[in-house]
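Student: Structure in structure tokens, see below.
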Amino acid sequence: MNYRTLFTSEHLDIFDLSPYIPCAILVSWKGHWGVEEHHKELLQQTLDHFRDHHTQIMVSDHSTLQMVTLDLQALLEDWYYKEATKHGLKVEIWIEPTDILARASVSLMLGGDLSRNTEMLMPKVPDLDEALLLASQFAEQL
């Protein structure tokens, strides 16, 4: 399937899944991520999309992600996920990164305290096909 591109940059692509899965987007996270201002702006871009388009399900593709710094992990937990929930996001289905360092940091973040300390569901899946299947199932329940 081809998905309409909503936003694209060096570190982030957002695709519209709503013609196939209501209230859903696919976000591809790429490269190295830290607390630099341009990364915060990209995070804000996703939050704005959740709010403006009533997005409830985000499929997060981390397959090309290379690194998430510890300070960004803290920012995500302290700010981003709280705001995402306020803006209507209920589910983040995440695809594990292929890079070993990224896999460790994302698994620690999304599979650890964050997933226990948020109202959001955060299941991990092995690939995009599995993520889309699960997103469809969640969409039927929302």
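Yes/no per residue for (1) on the phi > 0 side of the Ramachandran plot; (2) at pLDDT below 95:
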site: 4; (1), (2): no, yes
site: 15; (1), (2): no, no
site: 18; (1), (2): no, yes
site: 41; (1), (2): no, yes
site: 49; (1), (2): no, yes
site: 54; (1), (2): yes, yes
site: 69; (1), (2): no, yes
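Student: Further, regarding this structure: Report the residue count in region 96-141 for those that are touching a Pro at 6+ places or on another chain (Cβ under 8 Å), at pLDDT below 90 and closer than 18 Å to residue 26 by Cβ.
Tutor: First, the residues of region 96-141 that are touching a Pro at 6+ places or on another chain (Cβ under 8 Å): 96, 103, 106, 134, 139.
Right, trim to at pLDDT below 90 and you get 96, 103, 106.
With the extra rule that they be closer than 18 Å to residue 26 by Cβ, the set shrinks to 96, 106.
Residues flagged as touching a Pro at 6+ places or on another chain (Cβ under 8 Å), at pLDDT below 90 and closer than 18 Å to residue 26 by Cβ within region 96-141 amount to 2.
Student: Tell me, which strands (runs of 3 or more DSSP E) lie completely within region 1-104 with 3 or more residues that are within 13 Å of the chain's Cα centre (by Cα) and surrounded by 15 or more Cβ atoms within 10 Å (Cβ to Cβ)?
Tutor: Details: elements: 4-8, 12-16, 24-33, 57-68, 91-95.
Hits in region 1-104: 12-16, 24-33, 57-68, 91-95.
The values are calculated or read from the model by the stated rules, or taken from the named source; none is laboratory data. This one's a predicted model, so the numbers in the text were calculated from it and none came from an experiment. FYI the Cβ positions are ideal-geometry reconstructions off the backbone, even for glycines, and counts take in every protein chain you see.
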